[in-house]
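Before any comments, here is the structure.
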Amino acid sequence: AATSAAWNAKKGVAFALAAHSREALEPHLPSLVPTLYRHSFDPNPRIGTPMKALWSALVPDAKATLSVHFDAVLAHLLAGLGDRAWRAREASALALAELVPQCDAGNFTAQAAVLFRAILRALDDIKESVRNASQGAWRALCSATNRLSDGGTSSPADARAVLDAILPILLDKGLTHPEAEVRAL
C-alpha cells in the first residue's frame, strides 16, 4: 500500500473501487471489513486518510456493519495488538478504543478475558505512542465494563456474567502486574 500512488492519494482507493458495485464486493466484506477498519486508524496519515475514504465509500452504515462483523473485527484487532510492527499495534489500540463501546453484553462477556489481557500487555509496550493509544482503549474498556456491569443499565444476569468474566483477570493479571503504572490503572 505504501508504494502505490493510488493508495497514497486521498481518495484514490475510493475512486478506484467506485466502479465496482456493492453486490460484487459483498462476498468479500467479511475479509475486507476488519482490515479496512484497522487501517483507517493507521498513525501514518498517508495510509489512514485513504483507508478512511475507502471505509466511508464501502460501508454506508458503519455501526450496522461493525455489529454484523464484530467478532471478525475484534479478532483482527486483537491479533494486531500482538503484531511486531508498532504501527499495527498502535492502529489496533486506536481502533479498539472506538469499537469496544459498541459491545453488547454477549460479545463483551465472550471476549472480556482476551480483551483485558491484550490491552494490559499493550499498556506495557516498548513504544510510547502504542502505550498512549492503549490508554484510550483501556478507558473505553473500563467504560464499557462499568456500563455493562451496572444492574441499572443492563439486566442482572448480564451484569453478573460480565463481572464473572472480568474479576478473575483483574485480580490475576491486573493487580499483580509487574509494572506499577499498569497496576495503578
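The values are calculated or read from the model by the stated rules, or taken from the named source; none is laboratory data. In this text, all values refer to a predicted model and were calculated from it rather than measured experimentally. All Cβ positions, even for glycine, are placed from backbone atoms using ideal geometry, and neighbour counts span all protein chains on display. Note: areas computed on protein heavy atoms with side chains; ligands, DNA, RNA excluded. Shrake-Rupley method; radii C 1.70, N 1.55, O 1.52, S 1.80 Å.
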| field | Per residue, in Å², the accessible surface of segment 81-185 once ligands and nucleic acids are set aside, probe 1.4 Å | value | 52
| Over segment 59-185, what is the relative contact order in whole percent, taking alpha-carbon pairs under 8 Å and six or more residues apart? | 24
| request: Sum up the charges of everything whose Cβ sits under 11 Å from the Cβ of R38, counting Lys and Arg as +1 and Asp and Glu as -1, but leave R38 out. | output: -2
| task | Report, in deg cm²/dmol and to the nearest 500, the calculated mean residue ellipticity at 222 nm for the chain, where each DSSP H run with n ≥ 4 adds -39500 (n - 2.57) and the sum is divided by the residue count. | result | -21500 deg cm²/dmol
| message | Can you work out the Karplus-derived ³J(HN,Hα) for every residue in segment 42-54? Use 6.51 cos²θ - 1.76 cosθ + 1.60 with θ = phi - 60°, whole Hz, and x for glycine or proline. | response | 4, x, 7, x, 6, 9, x, 5, x, 5, 5, 5, 5
| field | Shape call, segment 76-185: gyration tensor on alpha carbons, a/c limit 1.5 | value | prolate
| Amide H contacts under 5 Å for N44, placed H, 5+ residues apart | none
| (1) 6; (2) 22; (3) 12, with the label sought being that of the calculated percent of Cα pairs over 31 Å apart | (2)
